[in-house]
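For reference, the structure is listed below as structure tokens.
The values are calculated or read from the model by the stated rules, or taken from the named source; none is laboratory data. The shown structure was predicted, so the numbers you read here are calculated from the model rather than taken from an experiment. Positions of Cβ are backbone-derived with ideal geometry, glycine not excepted, and every protein chain shown enters the neighbour counts.
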Amino acid sequence: MAAHVLVAEDDRTHAEILRRYLESAGYRTTITHDGPTALDRTRRLAPDLLLLDVMMPGMNGLDLCEVLRRESAVPVLMLTARAGEDDLLAGLGRGADDYLTKPYRPRELLARIQALLRRHQRDGQENDVLRLGPIAVDRPRREVTVDDRPIDCTPDEFAILTTMMRRPERVFSRAALLQATSGYDKESAERAIDTHVSNLRRKIEPNPRRPVHLLTVYGVGYKLAAG
């Protein structure tokens, strides 16, 4: 299946040009024109790569990138008219994987996208077994162990744990964790994720009442730590 690229660009003419570039190269595309919509679509659609314009209404690209980096490892390519070194460092400092200054050549844009997607795919293949402290997740075999002791997990518990193991110490919102599961309606989403987290704690924590691995970040969500 063709890779899915989400474009967040407030200039509608430029966004349409990007769509044509990408679709002519075989990519599926979703176009958004403001930060909050881009955040919502990223959480719901889980694209393979994001093209983020820095200057957008509602939430700029830098802030959006920072929020997403607490939830996702999706590759991010920042697009901006600002060419200064400080702007470059600001984008990379917020979690962007690459940075391209306008105007740019279409072939360079596509080359950067291809490189990021290859790197992201390679990183995923190299980490078939994820380890954090005493916890190990073998993704191909769908096995979880704690101190080499096998742990039985439901499909949703396995999906949540795998998502968090990929990015230890990163804070995940309930919405981000919901994307990894089989899905629930919005009203039951928070309760469902909290239930999964509670069940996982009983399985992976030495003392579920005093967790040292699967931690609550009050007002935000959860993160996974080595303990």
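Some notes on this structure:
- Subset of region 194-226 that is in contact with a strand residue (DSSP E or B) (Cβ under 8 Å, 6 or more places away or on another chain) and farther than 17 Å from VAL137 by Cβ - its residue that is surrounded by the most Cβ atoms within 10 Å (Cβ to Cβ): GLY221
- Restricting ALA46, ALA25 to residues that are of a type in the set (Gly, Ala, Ser) and farther than 15 Å from TYR104 by Cβ narrows the list to ALA46.
- Any hit, region 78-92, residues being modelled with pLDDT of 80 or more, of a type in the set (S, T, N, Q) and closer than 19 Å to LEU117 by Cβ: no
- From the options ARG201, ARG210, residue that is assigned to a loop (DSSP other than H, G, I, E, B), of a type in the set (D, E, K, R), at pLDDT 90 or above and on the phi < 0 side of the Ramachandran plot: ARG210
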